[in-house]
Every structure is written in C-alpha cells, then in structure tokens.
Amino acid sequence: MKDILAELEDRRSEARLGGGQKRIDAQHGRGKLTARERIELLLDADSFEEFDMFVSHRCTDFGMEDNQPAGDGVITGWGTINGRQVYVFSQDFTVLGGSVSATHAQKICKIQDMAVQNGAPIIGLNDSGGARIQEGVDALAGYAEIFQRNIMASGVVPQISVIMGPCAGGAVYSPAMTDFIFMVKDTSYMFVTGPDVVKTVTNEVVTAEELGGASTHTKKSSVADGAFENDVEALAEVRRLVDFLPLNNREKAPVRPFFDEPARIETSLDTLIPDNPNQPYDMKELIHKVADEGDFYEIQEDYAGNIITGFIRLEGQTVGVVANQPMVLAGCLDIDSSRKAARFVRFCDCFEIPILTLVDVPGFLPGTSQEYGGVIKHGAKLLFAYGEATVPKVTLITRKAYGGAYDVMASKHLRGDFNYAWPTAEIAVMGAKGATEIIHRADLGDADKIAAHTADYEDRFANPFVAAERGFIDEVIQPKSTRRRVARAFASLRNKKLENPWKKHDNIPL
Ligand code: HXC
C-alpha cells in the first residue's frame, strides 16, 4: 500500500514539473510565470481541484510515442475566486510549447462542459504554440471542439481569456468568442498569420509585437479588453472582474458589502458642466462620484475613448455603465464607439446586469471615412443592443442629446425605465447654430438676425423641459443628488420582468 501511495506522489511530482526545470527557468527568464503558478495566483489559496493530471497524448508519429508528458501541456480544473466557483484551464508552454493536441483539447472541452452544466465561469490562461504540428487534423478537430463549446457557453456562463504568451493562427478564435480578452504587455501576442507570412504575402515588415501585441489589440484593433504589466497584475485584475459578474445567466451578480452612503450628496457635481457648451469635462468624474466607494472597473479603456464602458456597484449591486466622454471627439458616436458599447450592452443584458447610461452626445461623427466604414450598420448595433435589452435601464442626460444619438443612448423610446436629465441637458435634433443655419437659410447674410434666431432656438430646445413635458424625461434632477436618485431607481427595478417576443434568435446588424 505504501508503495502505491508513494508511486502516486511520484507521478504527481513528475506531472507538476511539466516540461522540466530547464524550460521552467526559460519561462521565468522571459518574465512569465508557469501554468501552475498562474493558477495559484488566480484562485483562492488551496481551492484548486485538478482534473486529468495524467492524461497523455496518443500520437505515434514523428517519434511522439517516446515523448508523452503527463497532463499534455494543459492544466485544467476548478477552484474559487473569493469563494465563488470558476473553471480554469492553463496552458503549459514548457510542455511541447503548450501546443494543442487531440487530448489537450479534450481536457479543455471537459471543463467547458462541466462549467456549463454547473453554471460557473470559464477562465482560460492561454500560452500556446497553437495546433500540435505532429498531430495534423486531430489537433484541428480538437480546436473545433473547443470553438463549438465556446459558442454554446456564450451567454450561459461568463468566459474570460487571458493571453499570456503566443496565441496564433486559428487558435485566436477561441479567445475571440469569449466575453473578455486580457493581454500581458510585452509577453503575449495574437494574430491570425505571423510576421513571416505577412512579409511573404503583403511585403509588410512588422514585428510580432507590432502585429499582435497588447498595445495593438487594446488601442487599434479592439480585440482585447485590457492590457496589464505582467502576469501577476493580469491575474489580480481577473479576480477583480469576476467579483462583478454573476456565475451564470440564471443568477444575479453577487451583492458585495458596501461602505458608502447611497444618498451621498456630491455638491461638486453641480458645477461639473462648464458654462461654455463646447468645453469638455471629464465624464469619469461623474462615474466615480456615483459609484460605491468610487470603484470603477473599466473595459476597453484604451479604445474609442469617446465612449466609456465598465462596471460599478450601487448599494453593492453590479451595474454596467455606458457613458459618452466629452473629452474625446466631443463624445460623439462613431463606428468604434458604437461597436464597443454595443458589445458591452449585450454582455450586460445576457448576464442580467442593469445598465446606467450617461449621455452627453453631440450626434454621430460625420465624414466619408465613417460612411464608407459603415457607420450606419455599426451605429445600428448600439441602437439594436439597447432596444433588445430587457435589464433595468437608467439613463441620465447631463448635457447634449442631439439627433439620432439621443434616441440611441437608451432613450425612453427604447424602453428606458428611468430617464433622468440634469437641468443643463439640451435635447434637440441638433445644436442651435446648425439648426438656425438650416431653418433660417434666407437670413444667413444677416449676422444679427442669425444670432437672434440661434438664441431663440437655444431658449426653446437647449433645456430638458420640452422632453420632460412629454414624459420622455421622467424627472429633471439636481446633479448633486445623482447617486441617490440613480441608486433608488435601480433599487426599484430589482424585480423588473420584461420579455421579448419568442424568436430563434434576432438578426442584429453584424
Ligand atoms: C508542436 C510546438 C509547437 C506546435 C511550439 N512547439 N509550437 N510543438 N506543435 N505548434 C514546441 C517547440 O518545438 C519547442 O519544443 C517548444 O514548443 C518551445 O518552442 P520554441 O520554438 O523553442 O519557443 P519560442 O522560441 O518561444 O517560439 C514560440 C513559437 C514557436 C513562436 C510559438 O514555437 C512557433 O512558431 N511555433 C509554431 C507555431 C505554429 O505555427 N503553430 C501552428 C499555428 S496554426 P522543444 O522540445 O524544442 O522545447 C494553428 C491552427 C489552429 O494553430 C487551427 C484551429 C482552427
């Protein structure tokens, strides 16, 4: 008996060593943690339960029968983050470059299936050379099995990908179908074809970092939702994010203890809006002042800064925030900001996270590049996402709400539950100057008349009261009492029930 127990421990120790000390040292030398170290940091202490530690591949080509490391390059199992269950896989680059074989894929599929059946998020720590070259189509089949499960799990349990090394070729499409992708700066990259292929096909010379590093994907492509300095920071931030999320689509997000007065008055908000309507101000100040303890978890901070997306808590409950940012492009809607916000709204809706929308929008960005790029379809994504969302929706117009953008930004007409405005709100088809130049074209040569018409238009529309008279705005509120009003609004909507008509699925403009 003793021998058997000792053998188990020997086998475990061997499996835990992955590709051996030399490769572990090489991994550390690159500033990367090992797959096991990452799991330890991600999960609560001693909470990890491993599956399939002894699984090995079945390939007999290219001498692979003599190289069958236990675990086959991926560590899988479940554990807890602040006491709540999550499933995790962590690819081990020290074992055959973390490459994906048929059995490696089977291990991932097993935890994907378990996560869906048991209603807990899946977190994938990706560090892999892609499909195991020695296995050919078996490896490709394995990937496709993972993809299919990513799709089935979408909207059922949150799926989070952390890219912590290479992620190339078709392998990128598994993370791409998850809800959030985070990258580690300088040590991770994602691309469909690498720099060598790019050079051959397009003659472009580009480094792996330029082509698919964290900066590229958080600032240019928007493939990734956040970039972190190193493995430790990335894993700590994933823990923080998981705390905001429900375990699955049938549960509510956790209610955390809060140490902040829901009725807190913020007098500084009374002067947030500058006197000059063209002067920007920082919408993030409002978000921080509304949130419990000022805590805001921003998603896609470095992309399309004209719209802000992320999570806060109000009275301990998670709320998704979408806000125009007047500091960037005057807060207008364009292709990038519409796509960014639409995806965020849809995430919130599928996981029953209420949405707070803060509006200061001068309209859609004009121009050929926007029209040629399909701003009509991309803008429609956000409109569609808001209109189909059945979660509680509270909207606050702080200043401008012009034109179609007024409708899009969770207006009353898109089933907004509470539509508030500050007294500084201006709800109109367009700004007073533009409006005057169109409806009083005949007076364009007369500066005095135009000034008078503009003042007239401002008097009539540069306020929230016309909309309030029609019930499109439920209440004009004092800026300083925003936190209290918004928190009470969400509190009153906790039992909201709204269903869309039955359909197989909708046909959102993609
Ligand atoms: C088998 C692989 C491997 C792979 C790496 N290794 N990638 N083994 N299949 N795909 C092995 C290496 O042989 C090496 O083994 C060890 O992992 C570490 O790799 P190195 O090359 O020494 O590391 P590094 O210099 O850091 O380079 C990492 C790398 C490179 C950039 C990822 O290994 C590489 O280019 N690999 C091939 C990538 C690739 O083309 N994959 C297929 C993509 S297509 P030893 O024993 O020497 O330590 C794809 C299709 C998916 O994935 C389709 C889904 C639909």
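The values are calculated or read from the model by the stated rules, or taken from the named source; none is laboratory data. Computed from a prediction, not measured in an experiment: that's the story for all the values here. Cβ coordinates were reconstructed from backbone atoms using ideal geometry, including for glycine residues, and neighbour counts include every protein chain displayed. Accessible surface is based on the protein model in full, side chains and every heavy atom, while ligands, DNA and RNA are left aside. Shrake-Rupley method; radii C 1.70, N 1.55, O 1.52, S 1.80 Å.
The single residue among D231, D196 that is free of Cβ contacts under 8 Å to residues at least 24 places away in the same chain and of a type outside the set (A, V, I, L, M, F, W, C) turns out to be D196.
If a residue must be farther than 23 Å from V429 by Cβ and part of a loop (DSSP other than H, G, I, E, B), how many such residues does the stretch 364-374 contain? So the count comes out to 2.
Screening the candidates M164, M152, M177, M114 for the property of being within 25 Å of V232 (Cβ to Cβ) and either open to solvent by 40 Å² or more (accessible area, probe 1.4 Å) or within 26 Å of the chain's Cα centre (by Cα) (or both) yields one hit, M164. Taking each residue of the stretch 137-157 that is of a type in the set (S, T, N, Q) and looking for partners that are open to solvent by less than 80 Å² (accessible area, probe 1.4 Å) and near the ligand (Cβ under 9 Å from one of its atoms) with beta-carbon atoms closer than 9 Å, six or more apart or interchain, yields N150/S174. Filter the stretch 333-363 for residues that are part of a strand (DSSP E or B) and not acidic (D, E) and give the result. Listed by number, the residues that qualify are L333, I355, L356, T357, L358, V359, V361. So which of I273, I312, I287 ends up being more than 19 Å from H217 (Cβ to Cβ), open to solvent by less than 30 Å² (accessible area, probe 1.4 Å) and assigned to a loop (DSSP other than H, G, I, E, B)? Residue meeting the stated conditions: I273. Taking the stretch 97-195 as the region of interest, the strands (runs of 3 or more DSSP E) fully inside it that hold 1 or more residues being more than 15 Å from the ligand (Cβ to nearest atom) and over 14 Å from A224 (Cα atoms) are 122-126. C109 satisfies every condition listed in (1) touching a strand residue (DSSP E or B) at 6+ places or on another chain (Cβ under 6 Å); (2) surrounded by fewer than 24 Cβ atoms within 10 Å (Cβ to Cβ) except (1). Given the criterion within 22 Å of the chain's Cα centre (by Cα) and either farther than 30 Å from Q478 by Cα or open to solvent by 10 Å² or more (accessible area, probe 1.4 Å) (or both), identify the matching residue among V359, V375. Going through V359, V375 in turn, just one is within 22 Å of the chain's Cα centre (by Cα) and either farther than 30 Å from Q478 by Cα or open to solvent by 10 Å² or more (accessible area, probe 1.4 Å) (or both): V375. For the stretch 1-51, a tally of residues being part of a loop (DSSP other than H, G, I, E, B), away from the ligand (no atom under 16 Å from the Cβ) and modelled with pLDDT under 95 returns 1. Applying a threshold of 7 Å to beta carbon distances and a minimum spacing of six or more residues, or different chains, the list of pairs starting in the stretch 497-510 at a residue that is open to solvent by less than 100 Å² (accessible area, probe 1.4 Å) and ending at one that is of a type in the set (D, E, K, R) and not in a loop (DSSP other than H, G, I, E, B) reads N500/E388; D506/E388; I508/K381; P509/K377; P509/K381. Which one of S188, S154, S174 is farther than 26 Å from V345 by Cβ and either modelled with pLDDT under 95 or among the polar types (S, T, N, Q) (or both)? It is S188. The selection criterion, being in contact (Cβ under 8 Å) with a residue 12 or more places away in the chain, of a type in the set (D, E) and open to solvent by less than 40 Å² (accessible area, probe 1.4 Å), does not hold for D61. Of the residues making up the stretch 76-93, one or more are within 12 Å of the ligand (Cβ to nearest atom), among the acidic types (D, E), open to solvent by 10 Å² or more (accessible area, probe 1.4 Å) and part of a loop (DSSP other than H, G, I, E, B). Listed by position, the helices (runs of 4 or more DSSP H) inside the stretch 411-499 whose residues that are touching a strand residue (DSSP E or B) at 6+ places or on another chain (Cβ under 7 Å) number at least 2 are 465-469, 482-492.
Restricting attention to the stretch 415-442, the residues being surrounded by fewer than 20 Cβ atoms within 10 Å (Cβ to Cβ), among the hydrophobic types (A, V, I, L, M, F, W, C) and touching a Gly at 6+ places or on another chain (Cβ under 9 Å) number 2.
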